[in-house]
Amino acid sequence: MALAVTAYGTKVLRKVCDEITPEYEGLNDLIDNMWETMYEAGGVGLAAPQVNKAIRLFVIDTTQVYDSIDDDEAKAELFEEETGFKEVFINAEIVDESDEWWTDQEGCLSLPDLNGEVERPWSIEIEYYDRNFNKQTKTFSGYNARVIQHEYDHTEGILYIDHVSGISKRLMKNKLNQIAEGKVSPKYRMRFAK
C-alpha cells in the first residue's frame with residue numbers, strides 16, 4: 001500500500017531517528033509499503049521519516065536510473081564500472097568517506113518541484129542491517145553513494161537543503177513556504193504539517 005509522503009515542515013523530518021530491532025512491529029509490511037510509495041512517487045530512495053516514522057530505516061533502488069541511461073550518457077556522467085543496486089538499510093552508520101567530493105543536483109520527494117546543488121563525498125563506507133537483519137559493511141561510490149548519503153541524512157534529521165549555499169537557500173524560501181503550507185500538488189499523496 002502506498003503511503004503519504006511527509007512534506008517539508010513536518011516535525012518528523014527534523015528528528016534524529018531511533019534504532020530498531022528485528023521485533024519492530026509491522027517492519028516487513030512497512031518496508032513493502034515504502035517500496036510501493038517510492039516507486040509510485042517516482043523516487044530512487046525513501047527514508048522512514050518520509051512516511052512519518054522516526055526510525056533508522058531507508059530503502060534505495062538506483063537500478064532504475066542505471067537501466068534508463070544510454071551508454072554515452074553513462075560514460076559522461078558516471079564511472080563505467082558503476083551499476084545500480086536495490087537494498088534496505090536498517091540502523092545504518094556511515095563509518096568512512098573519501099577525501100574526494102563532488103557536486104550534483106539533488107531533489108527530494110518531501111520537497112516536490114525543488115532541487116539544489118549539493119556537495120558530498122564521492123565514496124562512503126557504511127555499516128547497516130539488511131531486511132533480514134544480517135549485518136553488512138559495504139563501500140559505495142558516485143551516484144549510489146550520493147543517494148545513500150541523502151537518505152541517511154533523513155535518519156539524522158537533515159535535509160539536502162541544509163547542504164546548499166546560503167544564496168540558493170534564500171532563493172528556495174518561497175517554494176519551501178509553499179510546501180510547508182500545503183500549496184503544492186505532486187502526483188503522489190502527501191502528508192502536510194498540522
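Brief remarks follow.
- Residue that is nearest to the chain's Cα centre (by Cα) [pool: residues in segment 6-29 that are within 18 Å of residue 130 (Cβ to Cβ) and buried (at least 19 other Cβ atoms within 10 Å of the Cβ)]: 17
- Selection over segment 159-194 of residues that are within 18 Å of the chain's Cα centre (by Cα), among the β-branched types (Val, Ile, Thr) and either in a loop (DSSP other than H, G, I, E, B) or surrounded by fewer than 14 Cβ atoms within 10 Å (Cβ to Cβ) (or both) gives a count of 1.
- Given (1) among the aliphatic types (A, V, I, L, M); (2) out of contact with any Phe, Trp or Tyr (no Cβ under 8 Å at 6 or more places or on another chain); (3) at pLDDT 95 or above, index of the condition residue 76 fails: (3)
- In segment 152-194, the residues that are out of contact with any helix residue (DSSP H, G or I) (no Cβ under 9 Å at 6 or more places or on another chain), within 15 Å of residue 115 (Cα to Cα) and touching a residue at least 12 places away in the same chain (Cβ under 8 Å): 165, 175, 179
- Only residues that are among the small types (Gly, Ala, Ser) and in contact (Cβ under 8 Å) with a residue 40 or more places away in the chain were counted across segment 115-130, and they come to 1.
- Long-range neighbours under 9 Å by Cβ, at least six apart or interchain, first residue under 26 Å from residue 185 (Cβ atoms) and without any contact (Cβ under 8 Å) to a residue 24 or more places away in the chain within segment 14-43, second assigned to a helix (DSSP H, G or I) and not charged (D, E, K, R): 39/64
- Criterion: within 29 Å of residue 190 (Cβ to Cβ), in a strand (DSSP E or B), of a type in the set (D, E, K, R) and in contact with a strand residue (DSSP E or B) (Cβ under 7 Å, 6 or more places away or on another chain) - qualifying residue of 151, 119: 119
- Checking residue 56 against (1) over 16 Å from residue 128 (Cα atoms); (2) of a type in the set (Lys, Arg); (3) in contact with a strand residue (DSSP E or B) (Cβ under 7 Å, 6 or more places away or on another chain), the condition it does not meet: (1)
- Of everything in segment 131-148 that is free of Cβ contacts under 8 Å to residues at least 12 places away in the same chain and not in a loop (DSSP other than H, G, I, E, B), the residue that is farthest from the chain's Cα centre (by Cα) is 135.
- Hits in segment 16-58 (condition: outside any helix (DSSP H, G or I) and hydroxyl-bearing (Ser, Thr, Tyr)): 21, 24
- Residue 117 surrounded by 15 or more Cβ atoms within 10 Å (Cβ to Cβ) and at pLDDT 95 or above: no
- Scanning segment 82-105 for residues that are assigned to a strand (DSSP E or B) and of a type in the set (Gly, Ala, Ser) yields a single hit, 92.
- Filter pass, residue 151 being within 17 Å of the chain's Cα centre (by Cα), exposed (fewer than 15 other Cβ atoms within 10 Å of the Cβ) and either at pLDDT 95 or above or of a type in the set (S, T, N, Q) (or both): no
- Within this structure, residue 152 passes the test of being among the aromatic types (Phe, Trp, Tyr) and closer than 21 Å to residue 39 by Cβ.
The values are calculated or read from the model by the stated rules, or taken from the named source; none is laboratory data. Only a predicted model underlies this, so the values are computations on that prediction, with no experimental measurement involved. Methodologically, a virtual Cβ is constructed for each residue, glycine included, from the backbone with ideal geometry; neighbour enumeration extends over all protein chains shown.
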